[in-house]
Each structure stands twice: as C-alpha cells, then as structure tokens.
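Quick notes on the structure that follows.
The values are calculated or read from the model by the stated rules, or taken from the named source; none is laboratory data. None of these values were measured; they are calculated from a predicted model. Please note: Cβ atoms are built from the backbone with ideal geometry, for glycine as well, and neighbour counts cover all protein chains shown.
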Amino acid sequence: MSSPPEWAVPASRAAAGADLLERAVAYTRGSLQLAVGADLDSATPCERWTLLDLLRHMNDSLAALTSRRESASRLAARGCR
C-alpha cells in the first residue's frame, strides 16, 4: 500500500481543523452582531488595522483555504500524488 500524498491531511486532523474553523467563524459572526456599520472603522488590537481591514483579511484567508482545498480535491480525483 502506498503512502498518501504529502499534501493530504489525515482525516482526523482535517476534521479537527474544520471544527476549529467552524467555531472561529461562529465566534466571529456572533461578535459582528454587536458591531454596527460605524464600527467598521474602529481600531483593533492589530496595530493599524480597522475592523473592516481585519474582516477583509479574514475573507481573503478563507478564500485561500477554499482554493487550496479545491485544488487538493482535483489532484486527488486525478490520482495525483
């Protein structure tokens, strides 16, 4: 039996990562319900980042994760290792 490709994540680690991401997104959504439109220009603990900057960064990061996962799925479907 051959070993899995190096880009493959063991199912248990993938599930743990997905669970952590789901909790982080849920926490973020709950926190954002407390913010109003004017708060998007508010400072964050990250120096020089507003709430809007941070949300844009999170959006870009989630898009990158999605793209990576889709690429890995395509490679796996083609049997690439």
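A few points about this structure:
- Residue that is surrounded by the most Cβ atoms within 10 Å (Cβ to Cβ) [pool: residues in the range 56-81 that are in contact (Cβ under 8 Å) with a residue 40 or more places away in the chain and not in a helix (DSSP H, G or I)]: R81
- Among the residues of the range 41-55, those identified as in a loop (DSSP other than H, G, I, E, B), out of contact with any helix residue (DSSP H, G or I) (no Cβ under 6 Å at 6 or more places or on another chain) and modelled with pLDDT under 90 are P45, C46, E47.
- For the range 4-31, filtered to residues that are among the hydrophobic types (A, V, I, L, M, F, W, C) and either farther than 18 Å from S67 by Cβ or exposed (fewer than 10 other Cβ atoms within 10 Å of the Cβ) (or both), the residue that is modelled with the lowest pLDDT is A11.
- Of the residues making up the range 56-81, those that are farther than 22 Å from R23 by Cα and either of a type in the set (D, E, K, R) or modelled with pLDDT of 90 or more (or both) are R74, R78, R81.
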